[in-house]
Amino acid sequence: MQLNNTIFLILSAAILALAAPQFVGNMPTTSPLTTTSGLGPAYPVEGGSNISPSLVSNGTSINLEARGYPARRVRYCQHLNGRGACLNQDLDNKRCYNFLGWWDNQVSSIYINPGLKCTVYAEKACKGRKVEFKAPGITDLQSVGINDQASSIYCSH
């Protein structure tokens, strides 16, 4: 009985050790998780705005007050398959965000919530070469040709 308990404890410890996140490659010398603006790895592009649709009923315009859209969760990771430094961020609907500081040209995997559609761009201000994707995201940005090259992101639902 005591031998069974000992084996069980050893196997449990081994499973826990294997389940813990493991870092691959070099970690950044400055923390990618701290930013001077406090906004996270991406910040909104100035002049960006939410787009609200106009409704027409029987040929007559209806004035509605926009309720806005809830923020959507995006997870950026330094390495493929969600490895390395990762950070969650809530982004406004239909707004372009530039990756801030260290995160610019460092993202290798990106995950988004269901119902969300995002586009990552190789240049700031959501310009240049782009890759569109839906939930759950892209585990390896190299597979779509934009690994460590993303500079901005735009998401909508």
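The values are calculated or read from the model by the stated rules, or taken from the named source; none is laboratory data. Because the structure is a prediction, the values reported are computed rather than measured. Note that each Cβ is placed from the backbone with ideal geometry, even for glycine, and that neighbours are counted across all protein chains shown.
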Which count do you get for residues in the stretch 113-136 that are closer than 14 Å to residue 89 by Cβ and at pLDDT below 95? 2
Could you tell me whether any residue of the stretch 123-133 is under 11 Å from the mean Cα position of the chain (by Cα) and surrounded by 14 or more Cβ atoms within 10 Å (Cβ to Cβ)? no
Restricting the stretch 108-123 to residues that are in contact (Cβ under 8 Å) with a residue 40 or more places away in the chain and not in a strand (DSSP E or B), the one farthest from residue 153 (Cα to Cα) turns out to be 115
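Looking only at the stretch 98-112, how many residues end up being of a type in the set (S, T, N, Q) and either farther than 10 Å from residue 76 by Cβ or modelled with pLDDT under 95 (or both)?
Of the stretch 98-112, the ones of a type in the set (S, T, N, Q) are 98, 105-106, 108-109.
With either farther than 10 Å from residue 76 by Cβ or modelled with pLDDT under 95 (or both) added as a condition, the list becomes 98, 105.
Residues meeting the conditions: 2.
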Exactly one of 105, 93 is on the phi > 0 side of the Ramachandran plot, touching a residue at least 12 places away in the same chain (Cβ under 8 Å) and either in a loop (DSSP other than H, G, I, E, B) or surrounded by fewer than 19 Cβ atoms within 10 Å (Cβ to Cβ) (or both), and that residue is 105
(1) surrounded by fewer than 20 Cβ atoms within 10 Å (Cβ to Cβ); (2) assigned to a strand (DSSP E or B); (3) in contact with a Ser or Thr (Cβ under 7 Å, 6 or more places away or on another chain): which one isn't true of residue 88, the others all being true? (3)
Which residue out of 154, 111, 76 is over 10 Å from the mean Cα position of the chain (by Cα) and not hydrophobic (A, V, I, L, M, F, W, C)? 154
Could you count how many residues in the stretch 136-153 are surrounded by 13 or more Cβ atoms within 10 Å (Cβ to Cβ) and of a type in the set (Gly, Ala, Ser)? 4
